[in-house]
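Report on the structure given below.
The numbers here are math on the coordinates, done by the rules we state, and not lab data. Keep in mind that what you see is a predicted model, and the values were worked out from it rather than measured. Neighbour counts are summed over all protein chains in view; Cβ atoms, including those assigned to glycine, are modelled from backbone coordinates with ideal geometry.
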Amino acid sequence: MPASIDHILAVTGRRSLSYIGHSMGTTMFYVMASMRPSYNQKVNLHIGLAPVAYSSRMKSVETVFKPFGQNVKWYEKAFKRYKRYELLERRLANPLPILCEDPLLRPLCYQISFLLLGPDIYQWPDKNIITAITAYFPAGTSFKTLYHFWQSVVSADFKAFDHGDIENMRRFGSFFPPRYNISAITAPIALFYSTNDYLSHPTDVRLLAYQLPNLVGMYKVPFPYFNHLDYVFARDSRSLLYDSVLCLLDSFNNKLERQCEMPTNRFNRNEKNFWRE
C-alpha cells in the first residue's frame, strides 16, 4: 500500500489523496497508518466501509472462523506439506457462477452468502445478482491472513501476527505480538457501518472509533438489513451510502464549505449513547 500511495502521488503531482477501503481494505490501512505514521500526512481522508480492526463480535464466527480455528494446526501442516498457501483460489472458485446460476442451486448459494455476510433479500432483488457476486467473491486469500483473523477473534485485540514464542521474540523482542498503535493513525477518518453486517459488528466498530484521534464521524447506513457486501452490490447503495461518500470526498479534496447529508449524525465519544445501538 505505501508503494501504491507513493506512485499515485508521484504521477498526479498531488500532496495527498483520499483512501476508500472496504472490509479488509480498511484493515490494511489501519496497519499501515499505525506502523508507518508518516503516511498519515499523505491521506487527506480515509473512508472505512464495514471497517474491520477488532473482530471478536463478528456473527460469522460460528460458521467460518470457529471450524477453521478448531483445525488450524492440521491445516497449517497440510499447507506446508503440499506447499500450497492460498485459500479459495480463483481457479477453484470459478465454477461458482455456473453452479449458482442453476435455479435449483441458487437458493443454496443465497443461504450460504447470507450465513457469511448477513441476510438481505431486499437489496439483492435480481435473481441473477448471486451469479455476479460469485464471479468476484470469494477472491482468494492466504492461509496466514485467515489465521491472523482467527487470532484477532480469539484475542479480541488488534495486534500483529502471533508467530509463536520463539519467533515473536526474534521479531518483536517479546513473547507476545505487539498491538497496533491506533492512536498513531492521525489521518481524518469517516466510518460507515451497518447493523446487519455479520463481519463488521457495530460494537467492534465503536471500539475502533473510540481510539481514533481524528475521527470525522461514524455513520450507520439507514437500512436495517444492509449486509457486508451491500456496500458494493446493494440496489439502493447510491441513496443509502454513495451520495454521502461523494460529499465527504468533495469536502475534503475541494475544501468546499458544504453540509453533507449523512445517514446519521456524527457520534460524540462523550455522549452516553456512544456504545448503544
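Listed values, structure above:
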quantity	calculated
FRET efficiency, residue 112 to residue 17 (Cβ-Cβ, R0 41 Å, nearest 0.05)	0.65
Rounded FRET efficiency, nearest 0.05, which uses the C-beta distance separating residue 254 from residue 181 and R0 of 41 Å	0.85
Spherically averaged projected area in nm², based on the convex hull that wraps the Cα atoms of the range 122-180	6.1
For the range 131-238: span of alpha carbons on each principal axis (Å, largest first)	50, 36, 22
Unit Cα scatterers, Debye sum, the range 181-246: log10 I(q)/I(0) for q = 0.13, 0.24 Å⁻¹	-0.38, -1.04
